[in-house]
Amino acid sequence: NARGRARVVVAKAAAGEYSDYGASTRFDELPLSTKTKDALRQQGYKEMSEIQRAALPHALCGRDVLGAAKTGSGKTLAFVIPVIEKLYREKWSQEDGVGCIILSPTNDLAGQIWEVVRKVGKHHNFSGGAIVKRTGIEQEKERINSLNILVCTPGRLVQHFDETPNFDCSNLQILVLDEADQILDQNFKSQVDIIISQIPKVRQTLLFSATQTKSVKDLARVSLKNPEYISVHEQA
Ligand code: ADP
Ligand code: MG
């Protein structure tokens, strides 16, 4: 059954220091801040989905993760929770600047991801937002360095690298690629290469998509370090 199969994935993957959490099935069993646990409970999230059970223990202890699971399986929380917990543990504040970038292939999806960050992070003090075309680049230029969590398309981010003179990502802790197979696609190649060249090499990287993006070439481009490959398949 689904639960039995998920346990196999987790047990294999969780042989390290966080093995105690590898068998967790509920969010409240994970080592999360009270602020995050409260928000999750208030949103009605109790049991983790399979991809969340498999990915969260690794992502929460700072490992790079390449996660694949079908659409609707709950991948957003699998990266939003580690992002929020990382900034919380680092005692991140507005003055620390951009701590996390979440790349999305479309503005619409960026907006949806930001809504999840906002809800799960509502008891925390971080700033952030989806930076999308209609909000106006000129206003963004003035406040972008005070946003701790940026959610945007690769194109929008490159626009800031090009046009915003003091745009500073030198403190970046986590890079997330949602719909990673699309972001690593040829269409975004030149933009993603610019982004990777502009952000710190020492960072955590989380990639999630509906299909397994295992092309070695693709992954070399985003320089994953010793990533955990997690793939949750539909039952036959
Ligand atoms: P994906 O990105 O894998 O397509 P989403 O992250 O968009 O999936 O989640 C799909 C839906 O499932 C959303 O409505 C989300 O609120 C819901 N969801 C995610 N995780 C859980 C969970 N652990 N328990 C209940 N609902 C969940
Ligand atoms: Mg998704």
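Points to keep in mind about this one:
- The value obtained for region 24-83, namely the Cα convex hull volume divided by the number of residues, is 76 Å³ per residue.
- If you plug the beta carbon distance of LYS70 and THR164 into 1/(1 + (r/R0)^6) with R0 = 41 Å, you get a FRET efficiency near 0.65.
- Net charge of neighbours whose Cβ lies under 14 Å from the Cβ of LYS119, counting Lys and Arg as +1 and Asp and Glu as -1: +3
- Which listed pairs, of LYS189/LYS217; LYS119/LYS201; LYS35/LYS225; LYS46/LYS70; LYS75/LYS225; LYS37/LYS119, have C-alpha distances above 18 Å, in listed order: LYS119/LYS201; LYS35/LYS225; LYS46/LYS70; LYS75/LYS225
- Hydrodynamic radius by Kirkwood, which averages 1/r over all alpha carbon pairs of region 60-105, in angstrom: 12.2 Å
- Largest accessible area first, the listed residues PHE167, PHE208 line up as PHE167, PHE208 when surface is computed with a 1.4 Å probe on the assembled protein chains.
- Candidates ARG26, ARG89, ARG221: whichever shows maximal mean-square fluctuation once the chain is modelled as a Gaussian network with Cα springs under 10 Å: ARG89
- With contacts taken as Cα pairs under 8 Å and at least 6 residues apart, the chain reaches a relative contact order of 26 percent.
- Set of lysines with alpha-carbon distance to LYS141 below 16 Å, sequence-local pairs under 8 removed: LYS133
- Amide N proximity, region 178-209 versus ALA220 label position 7 Å along Cα-to-Cβ, cut-off under 12 Å: none
- The chain: equivalent-ellipsoid semi-axes (sqrt of 5 x gyration tensor eigenvalues, Cα, Å): 28, 20, 16
- Electrostatic tally near ALA39: other residues with Cβ closer than 14 Å to its Cβ, Lys and Arg +1, Asp and Glu -1, net +3.
- 0 to 90° range, to nearest 10: angle between helix 189-198 axis and the chain longest Cα axis: 80 degrees
- For the chain, accessible area per residue (1.4 Å probe, heavy atoms of protein chains only), Å²: 47 Å²
- Sorted on the mean count of surrounding Cβ atoms within 10 Å across their residues, most packed first, peptides 222-231, 61-70 read 61-70, 222-231.
- Rounded, prolate or oblate (a/c below 1.5 giving rounded, otherwise prolate when a/b exceeds b/c) for region 97-187 by Cα gyration tensor: rounded
- Within straight-line cross-link reach of LYS122, aspartates and glutamates at Cα separation under 16 Å, skipping those fewer than 8 residues along the same chain: ASP38, GLU85
- Taking a ≥ b ≥ c as the square roots of the eigenvalues of the alpha-carbon gyration tensor, region 36-128 is classed rounded because a/c is under 1.5.
- When the inverse distances between all different Cα atoms of region 141-236 are averaged and flipped, the Kirkwood radius reads 14.6 angstrom.
- Under a Gaussian network description of the chain, with springs only between Cα atoms under 10 Å, the residue in PRO31, PRO105, PRO82 that fluctuates furthest is PRO31.
- Protection proxy ranking of 183-190, 74-81, by the mean of other Cβ atoms within 10 Å over each peptide's residues and highest first, is 74-81, 183-190.
The values are calculated or read from the model by the stated rules, or taken from the named source; none is laboratory data. Please read these numbers as outputs of a predicted model, since none were measured by experiment. Methodologically, a virtual Cβ is constructed for each residue, glycine included, from the backbone with ideal geometry; neighbour enumeration extends over all protein chains shown. Areas reflect the complete protein model, heavy atoms only, side chains present, ligands, DNA and RNA absent. Shrake-Rupley method; radii C 1.70, N 1.55, O 1.52, S 1.80 Å.
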